[in-house]
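Quick note: the coordinates plus some simple rules give every number you see, no bench work behind them. Quantities reported herein were computed from a predicted structural model and do not represent experimental measurements. Heads up, the Cβs are rebuilt from the backbone with ideal geometry, glycines too, and the neighbour counts pull from every protein chain shown.
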Amino acid sequence: MSNVSGAFVTTDLISVSDLANLVRSNTAGAVVTFSGDVRDNDHGREVLSLSYEAHPSAQALLEKVANQVAADYEVFSVAVAHRHGDIAIGEAALVAAVSAKHRKAAFDACTALVDEVKAQIPIWKHQVFADGTDEWVNCA
């Protein structure tokens, strides 16, 4: 039985509370969440807009990463979502949630989940800056 409650590559808004509710359990003593939000600056430059482009394999790879983290850590459940398309400043681009018996396992698994998503999922970020320049970044 998988300990993955959800793994989503989506154009829809994603919510920390929605993912936390997916992993919540009466047996869990800890639910740890992460929200990677679009900010209005990057390396000292003002960001005007941001979009993500997802490779067609992104969904399957996200599921694989979620399953691997769930298998590698003592957790009850993991959930993760990554948006693509245009995302407004302040909105979440990447959300992760993990439940476990104790906080250390939940924090460790959530950190690993986010790190592996950023390392393995083919989603590219395109930022447009106030100075007229833009940049593509191969990261989540």
Can you tell me the 0 to 90 degree angle between the C-alpha axis of helix 103-120 and the longest principal axis of the chain, rounded to 10?
-> 40
Farthest positive-ward along segment 4-134 dipole, Cα basis, beta-carbon charges - from His55, Ala30, Val114 | Ala30
Folded to 0 to 90 degrees: helix 58-72 orientation relative to the chain principal axis, Cα | 40
Note down, for segment 4-134, the three equivalent ellipsoid semi-axes (square root of 5 times each alpha carbon gyration tensor eigenvalue), biggest first, whole angstrom.
-> 28, 15, 12
Cβ-placed point charges (K, R +1; D, E -1), dipole of the chain about Cα centre in debye, nearest 20 | 620
Ranked highest first by average number of other Cβ atoms within 10 Å, how do 121-130, 9-18 line up?
-> 121-130, 9-18
Listed residue (Ala7, Val69, His43) projecting farthest to the positive dipole end of the chain, Cβ model = Val69
